[in-house]
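Just below is one structure, and these are the notes that go with it.
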Amino acid sequence: MTISINLKRIIDDSYPIHIGSLPEINFEGKVAVLTNPKVAGLHLQTLLSTLKAKEVYVITIPDGEQYKTLDTIESILDRMFDHRLNRKSLLIAFGGGVIGDMGGFAASLYNRGIDFIQIPTTLLSQVDASVGGKTGVNNRFGKNLIGAFHQPRAVYIDPSFLSTLAPREFGAGVAEIVKMAVTFNLSFFEWLENNDLREGDNLQHAIKMAVETKARVVEADEKEQGLRAALNYGHTFGHVIENETHYETYLHGESVAIGMVMANDLACEMGLMSFEEAMRIKTLLGRYDLPLTYPIHDVEKFYQTFFLDKKSADSTITFILPRGIGGVEITDAIDAVAVKKSLSKFQGMSA
Ligand code: GLY
């Protein structure tokens, strides 16, 4: 005997991404604001002055990628239970990528899922992490290996929060902007070559361009069955670097910058990119003081760590390689010998 459950449904998970001054946010139920002490000290009053809700609770967690763990998620959920949030409550993730990823994940779990809003305060989270509904945490096997797709109800990107950003955090965000341009938009890349993001309104334009790119990719492939994997350009290598350095040496965007340089080298080896194109990307990243190399100690160990990447099915590694500038190739057909040859160029290089 077979009993079927018919769950065919149409879900509308569309949401607005507002770029500009933080508007008034009105909510009838309880709101939990997830943030860290640093962001709270700098910007919490700004948020609270625009937030009108029945009750507002602020939950702070320590700042840093090393706290992006299941233990921290449990402590967030505990606070949400302490405050008796219910299924109609709202979580606001107010901070950088770590806060956004964990806030979204906690929201996806609490009472089997409540709504959340992303209010990103770092450049990296404004141009990439806050959009698209990827949420989760790291574990000892690697980065973002545990999580859920849980789309926010809205994203509010206020570039004025970036005025307090440390130069390293700024550079880390630029790396993700460059990623979008290299993989999808040659004219945007050329614009980046000709315009300094530290001047005038250039940053706001770049945020808009990056978010538009990301939005179109997420619309085409929300659950990363194909095209969305292109957004992991630089990440396959970068995640290994973060894993090897225990998330302590490089900001995420910095390891992505090195990862893009490594991916470009492999792309050159495979005939997908010219040396001149690789140099143009390196020059652009260098302008924002991003690290451009990493001393690989053990090529075999570095190579084996690729297999922990969740995009790598069992015995294959999926590489995201640029096809020139403005195009991308997602491939699991790169010979191990070619990969190790490319990695060996970084062996012992001083960072
Ligand atoms: N940050 C990559 C993605 O959202 O798919």
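Under the shape rule built on the C-alpha gyration tensor, where the axes satisfy a ≥ b ≥ c, the stretch 119-175 is oblate, since a/c reaches at least 1.5 while a/b does not exceed b/c.
Among the protein heavy atoms, those of residue 125 account for about 0 Å² of accessible surface (1.4 Å probe, every chain in place).
Across the stretch 219-305, the fraction of Cα-Cα pairs farther apart than 17 Å, rounded to a whole number, is 53%.
The convex hull drawn around the Cα atoms of the chain, when projected onto a plane and averaged over every direction, covers 19.2 nm². Tell me the net charge near residue 272. Cut-off is 12 Å between Cβ atoms, residue 272 excluded, with +1 for each Lys or Arg and -1 for each Asp or Glu. Surrounding charge for residue 272 is -3. Is the stretch 253-351 rounded, prolate or oblate when judged by the Cα gyration tensor, a ≥ b ≥ c being the square roots of its eigenvalues, rounded requiring a/c under 1.5 and prolate requiring a/b larger than b/c? In terms of gyration-tensor shape, oblate. For the chain, the carbon plus sulfur part of the accessible surface works out to 51%, probe radius 1.4 Å. Rolling a 1.4 angstrom probe over the protein heavy atoms with all chains in place gives the stretch 252-331 an accessible area of 40 Å² per residue.
Do the alpha carbons of any pairs in 179/345; 52/143; 68/88; 8/30; 179/340; 30/214 sit beyond 29 Å of each other, and which pairs? Checking Cα-Cα distances, 52/143; 8/30; 30/214 exceed 29 Å.
Residues 9, 140 ordered from highest to lowest accessible area at a 1.4 Å probe: 140, 9.
A compact globular protein would have a Cα radius of gyration near 2.2 N^0.38 Å; the ratio found for the stretch 43-89 is 1.34. Note on residue 222 and residue 345: the model spin-label points, each 7 Å out from Cα along the C-beta direction, lie 4.0 nm apart.
Can you give me the Cα centroid spacing of the stretch 218-261 and the stretch 131-162 in angstrom? Cα centres, the stretch 218-261 to the stretch 131-162: 13 Å. Straight-line cross-link reach from residue 301 at under 13 Å between alpha-carbon atoms covers these aspartates and glutamates, not counting any fewer than eight positions away in the same chain: 244. The residues of the stretch 166-224 present an accessible area of 43 Å² per residue when probed at 1.4 Å with all protein chains retained. Net charge near residue 168, counting Lys/Arg +1 and Asp/Glu -1 over other residues with Cβ under 10 Å of its Cβ? Net charge around residue 168: -3. When the Cα gyration tensor is reduced to axis lengths a ≥ b ≥ c, the ratio a/c is 1.5 or higher for the stretch 183-264, and with a/b not above b/c it is classed as oblate.
Take the stretch 52-127 with all the other protein chains still there, run a 1.4 Å probe, and you get 41 Å² of accessible area per residue.
The values are calculated or read from the model by the stated rules, or taken from the named source; none is laboratory data. The model shown is predicted, which means the values in this text are computed figures rather than measured ones. Methodologically, a virtual Cβ is constructed for each residue, glycine included, from the backbone with ideal geometry; neighbour enumeration extends over all protein chains shown. Calculation scope for accessible area: heavy atoms of the full protein, side chains included, ligands and nucleic acids excluded. Shrake-Rupley method; radii C 1.70, N 1.55, O 1.52, S 1.80 Å.
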